[in-house]
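What follows is one structure encoded as structure tokens, with my remarks underneath.
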Amino acid sequence: MLYREAGDFKTSYTSDNQTFPIRFDRYGYYFVLGVAFLVMPLILNDYWTNALVVPFLIYTIAALGLNILIGYCGQLSLGTGGFMAVGAYASYKLMTGFPDLNIIFVILLSGLVTAGVGVLFGLPSLRIKGFYLAVATLAAQFFLIWLFTRTPWFFNYSPTGMISAPTRTVFGIPVTGASASALSMYMICLVFLVALAWLARNLTRGTLGRQWMAIRDMDIAAEIIGVNPLWSKLTAFAVSSFYIGVAGALLFAVYLGAAEAGEAFGIDKSFLVLFMVIIGGLGSIFGAFAGAFFLIAGPVLLKIMLVDNLGWATDLAAHLEIMIIGALIIVTLIMEPHGIAALWRTIKEKLRLWPFPY
Amino acid sequence: MLDTQPDEGYTTADGRKIGGVAMEMKNITLRFGGVVAIKDISFDIRWGEVRAIIGPNGAGKSSMLNVISGFYNPQEGEVIYKGYRRPRMRPYQVARTGIARTFQNIALFEGMSVLDNIMTGRLNHMKANIFQQAMWWGKAQKEEEENREKVEKVIDFLEIQHIRKTPVARLPYGLKKRVELARALAAEPSILLLDEPMAGMNVEEKEDMCRFILDVNDEFGTTIVLIEHDMGVVMDLSDRVVVMDYGKKIGDGTPDEVRNNEEVIKAYLGVTDD
């Protein structure tokens, strides 16, 4: 009854093209934005920010990036961890090399550097497709991690091989380093996420997005109607890597504070983000949010339930947690192969008619 | 300097003016390894006409269309388009010179809505750069709306308003064919290539499709090159017909001329040599 489109007429192509054509959706979106910017800062404590919210925000950015590549352009990539490492190390080198550079620019530049690296490793996609491309990007993952652990220049010759983020401020408030508060971490990640999600939505609904999807759905037909495969595949790699680079820079500089390539950005990170994209829903912006929430919040909530509420041993809970999350992934994929986003779409279609059958 | 001599064209029996030569295929030979798909074929396509290519299965009709749309590059011979010899091009570059096509097996983008599919057809008319698009601002937004208006005209023309926002994967076969035509039309092509537009349709759908093809030719003056197996359709629609068999051209002329051509009858019906 509440969720309906009847009577909601569009009189211009602008209003028909908007992101949330249904009024209820639109107000829901404003409400969520309001809560995220105004209410959450008041109620968040350090534990929840560190354990759940900030990683969720950062991984959503990475999932958005990978979703552009896999979900929109159909190019399979397993190099996400490696590209996040590029973002992290680029931000480290920029922060230590140019101490006066504002952290916002550092993160954006790290994204640009990663975009360049992504285009380089995206070049094979012009020749190879599907699983073979996945193997090529897997090579990128291992090569990049090897490069960052073996070349002392990247970690400024520190004896531990670790990189650690110095304190940087935005408007005088520290957002990186030890003195950064949970609130400032939350806010900078949120701003980046909202801006990048908005850009991703614009890119995917415009000409470029249609070119990506055309390449994904039928590359030969796409080329014959005028899509330049070189341009659209490489832009997908560039934009996707930019997002993943920004996520890597935020993960290192804002969230972790110190990192080591092999540990923080290993192959398991590539798979984590890939699972987020698949479970959330390929080719959907909302899917990136849903998938990241599922895989970040799931383990945290399970741990709270098992350890804190039921009083189980931590190690037992940790093992069970992996099994339960694994089972949930399988169940989700069997019940809804197109991910949570497709489930959400079905619910919305049902809701439009509810409580009438048709 | 033009690579071919301009000429006047002719007037059809029903009084339509047909222009000069739009595209000329000169001695095209196409081989796949040892297999010769097209053997030394020459013919021309004139502005504003409906040109059919017919022939039995495996005659090389689709290969011919693929040569025109730049998907195959012939080993020998040349394509002369708008008076100039066409250099070796990638298919997307050919598309930008004003050639659009539909496919024998529907080649729509299944994951996208009908509207998005047709909007993709207008790709070559959209020039906003990636940053404008990312901001959805200025040129990008303006272009999107201008092109949407053009697309809506095509949607109106082909009577598919009701499925505008439906994902293509949910459509029945006949409508998919129509959406594919819409996508090709949205490009506002000078030459429209149709590869078996009536394949697998029932009589009613065929009649609709015929009407659309004639209307396109009539209203927009689009030159149409058509491959079709339904002889009734071909003879009714086309101004001139090329007949191919085993990669060779065995007939070329008006439907009547072709119908009475002995070699064509032989290829289609089979004649015992006695």
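No lab work stands behind these numbers, since they all come straight from the coordinates. It should be emphasised that the depicted structure is a prediction, and the values quoted were computed from it without experimental measurement. Here the Cβ is made from the backbone with ideal geometry for all residues, glycine too, and neighbour counts use every protein chain on show.
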So, over other residues within a Cβ distance under 9 Å of B:L30, counting Lys, Arg +1 and Asp, Glu -1, the net charge is +1
Partner chain Cβ atoms within 10 Å, averaged over the residues of B:132-143 - can you pull that number for me?
-> 4
Shielding by other protein chains, A:197-210, mean Cβ within 10 Å | 6
With runs of 4+ DSSP H residues as the only contributors, calculate the mean residue ellipticity of the protein assembly as shown at 222 nm using -39,500 (n - 2.57) per run, divided by the residue total and rounded to the nearest 500.
-> -16500 deg cm²/dmol
Taking amide H positions as placed in the peptide plane 1.01 Å from N, state which residues far from B:A199 in sequence (5 or more) or on other chains have amide H under 5 Å from it.
-> none
Calc'd 3J(HN,Hα), segment A:156-164, phi into Karplus 6.51 cos²θ - 1.76 cosθ + 1.60 (θ = phi - 60°), Hz, glycine/Pro = x, comes to 6, 6, 6, x, 7, x, 8, 10, 9
Karplus couplings for segment B:42-54 from phi (6.51 cos²θ - 1.76 cosθ + 1.60, θ = phi - 60°), rounded to Hz, Gly and Pro as x?
-> 10, 6, 10, 10, 9, 4, x, 9, 9, 10, 9, 10, 10
State the Cα centre-to-centre distance between segment A:15-38 and segment B:47-92 in whole Å.
-> 50 Å
In whole angstrom, how far apart do the alpha carbon centroids of segment A:262-336 and segment A:218-251 sit?
-> 27 Å
Among DSSP beta bridges whose residues both lie in the protein assembly as shown, state the antiparallel percentage, nearest 5.
-> 65 percent
Calculate the translational D of chain A in whole µm² s⁻¹ from Stokes-Einstein, where the hydrodynamic radius comes from the Kirkwood formula applied to all Cα pairs, the temperature is 25 °C and the viscosity 0.890 mPa s.
-> 114 µm²/s
Working from the alpha-carbon coordinates of segment B:106-188, get Rg over Rh, Rh being the Kirkwood radius.
-> 1.00
What is the projected area of the convex hull of the Cα atoms of the protein assembly as shown, averaged over all directions, in nm²?
-> 36.7 nm²
For A:T169, which sequence-distant residues (separation of 5 or more, or a different chain) have an amide H within less than 5 Å of its own amide H, given hydrogens modelled in the peptide plane?
-> A:I103, A:V175
Of B:K139/B:K165; B:K153/B:K177; B:K127/B:K165; B:K61/B:K165; B:K17/B:K142; A:K10/B:K142, pairs whose Cα-Cα distance is over 28 Å = B:K61/B:K165; B:K17/B:K142
Contour minus Cα-Cα distance for A:K348 and A:F37 (0.36 nm per residue) = 109.4 nm
Long-range HN-HN contacts of B:R31 with modeled amide H, under 5 Å = B:A37, B:Q75
If you count, for each residue, the other Cβ atoms within 10 Å and average over each peptide, how do A:195-202, B:112-119 line up from highest to lowest?
-> B:112-119, A:195-202
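For a quick protection proxy, order the peptides A:341-352, A:289-300 by their average other-Cβ count within 10 Å, most packed first.
Packing proxy ranking, top to bottom: A:289-300, A:341-352.
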For chain B, return all DSSP H helices satisfying: extent of Cα atoms along own axis at least 30 Å; mean Kyte-Doolittle hydropathy at least -0.5.
-> none
Taking every DSSP bridge whose two residues both lie in chain B, the antiparallel percent to the nearest 5 is 60 percent
Karplus (6.51, -1.76, 1.60) ³J(HN,Hα), θ = phi - 60°, over segment B:237-250, in Hz, Gly and Pro reported as x | 7, 8, 8, 9, 10, 9, 10, 10, 8, 6, x, 10, 8, 10
What does the average come to when, for each residue of peptide A:211-223, you count the partner chain Cβ atoms lying within 10 Å of its Cβ?
-> 6
If you take the charge dipole of chain A about its Cα centre, with +1 on Lys and Arg Cβ and -1 on Asp and Glu Cβ, which of A:V307, A:L196, A:S181 is farthest toward its positive end?
-> A:L196
